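One structure is given here, and the rest of the page talks about it.
The values are calculated or read from the model by the stated rules, or taken from the named source; none is laboratory data. No experiment lies behind these values; they were computed from the predicted model shown. A quick note on method: Cβ atoms are made from the backbone with ideal geometry, for glycine too, and the neighbour counts reach across all protein chains shown. Side chains are part of the model used for accessible areas, which takes the heavy atoms of the whole protein and leaves out ligands, DNA and RNA. Shrake-Rupley method; radii C 1.70, N 1.55, O 1.52, S 1.80 Å.
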Amino acid sequence: MKKNISWITILDIIVYSVIIGFVAYGKSQSNFGQEAFDKVIREDGWVEYLTALFLLLGAILFATRAVKAGKEKNRKKIFFNALASIVFIFGLGEEISWGQRIFSIESGEYFMQNNYQGETNLHNLEIGGVDLNILIFSKLMFVALISYFIILPLLTWKVKAIRKLVIDYGVPIPRLHHIIVLLAVNTFIPLAINLVKESELHELALTGILFLILINPAKKIKDVSLTS
């Protein structure tokens, strides 16, 4: 007797196909040089807008859960989900330069002088010779991702106090396949492409997988296993 495929599995397949498809397309175009690759990850292109879409959906999911927690008067979950929603909204705003190009808004003098793309966003600022994109959105983000995708699941599995905090605040923990796909894609991109702005593909992979985690996080946190 055949087992019916759940809508969650179908969603996983769709999102993973989108991520892998664009990475593969980016790789194929990178063989022709930077100019061809730039067309794949161009501003206001499919990669940017899909990344923005995943951030928007994530913000909505967290906001919905914050409202639900509010009805249950669960302050810890209200705090975590509201904060996470704000973080995703900030990421969305940065990704589309706060609607600057969409609404044809001119950048202010400060951003024209300090933003190396002349856009109204923080991640392309260079202050005192320090590139915020490299410092905050690359190095610190790398530490945050390792902490969330590797260290937190292990601690949740091993340490009772951490597991209690995860449950109390309703922190979604990635499943094993989320971790594997993210590591595989983000290892492949720099090895196979290694061109300027390859980070756009990293962002697409990350936001897509985060969206899948929010839809279907690890369920067995109260037990020992983090996968099912």
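So which pairs qualify, if the first residue must be in the stretch 118-139 and open to solvent by less than 60 Å² (accessible area, probe 1.4 Å) and modelled with pLDDT under 70, the second must be part of a strand (DSSP E or B) and of a type in the set (D, E, K, R), the Cβ gap must be under 9 Å, and the two must be at least 6 apart or on different chains?
What qualifies is Leu132/Glu126; Asn133/Glu126; Ser138/Asp131.
Before we move on, is Thr187 modelled with pLDDT under 95 and either in a helix (DSSP H, G or I) or open to solvent by 10 Å² or more (accessible area, probe 1.4 Å) (or both)?
Against the criterion (modelled with pLDDT under 95 and either in a helix (DSSP H, G or I) or open to solvent by 10 Å² or more (accessible area, probe 1.4 Å) (or both)), Thr187 qualifies.
Looking at this structure, is Leu145 of a type in the set (A, V, I, L, M, F, W, C), modelled with pLDDT under 95 and outside any helix (DSSP H, G or I)?
Judged against the criteria, Leu145 is not a match.
Tally time: how many residues in the stretch 1-40 are out of contact with any Gly (no Cβ under 7 Å at 6 or more places or on another chain) and surrounded by 15 or more Cβ atoms within 10 Å (Cβ to Cβ)?
11
If you check Gly58, Gly91, Gly99, which single one turns out to be open to solvent by less than 90 Å² (accessible area, probe 1.4 Å) and more than 18 Å from the chain's Cα centre (by Cα)?
Criteria check complete, one pass: Gly99.
Out of (1) of a type in the set (Ser, Thr, Tyr); (2) open to solvent by less than 50 Å² (accessible area, probe 1.4 Å); (3) closer than 25 Å to Gln117 by Cα, what's the single condition that is false for Ser85?
Condition not satisfied by Ser85: (3).
Find the helices (runs of 4 or more DSSP H) located wholly in the stretch 16-115 whose residues include 3 or more that are touching a helix residue (DSSP H, G or I) at 6+ places or on another chain (Cβ under 8 Å) and more than 27 Å from Asn186 (Cα to Cα), and list them.
The qualifying helices (runs of 4 or more DSSP H) are 46-71, 75-95.
When only residues in the stretch 41-54 that are touching a residue at least 60 places away in the same chain (Cβ under 8 Å) and either open to solvent by less than 20 Å² (accessible area, probe 1.4 Å) or within 17 Å of Leu195 (Cα to Cα) (or both) count, which is farthest from the chain's Cα centre (by Cα)?
Going through the qualifying residues, I end up with Ile41.
Inspect the stretch 163-184 for any residue being out of contact with any Asp or Glu (no Cβ under 8 Å at 6 or more places or on another chain), open to solvent by 80 Å² or more (accessible area, probe 1.4 Å) and either within 25 Å of Gly45 (Cβ to Cβ) or not in a helix (DSSP H, G or I) (or both) and give the result as yes or no.
no
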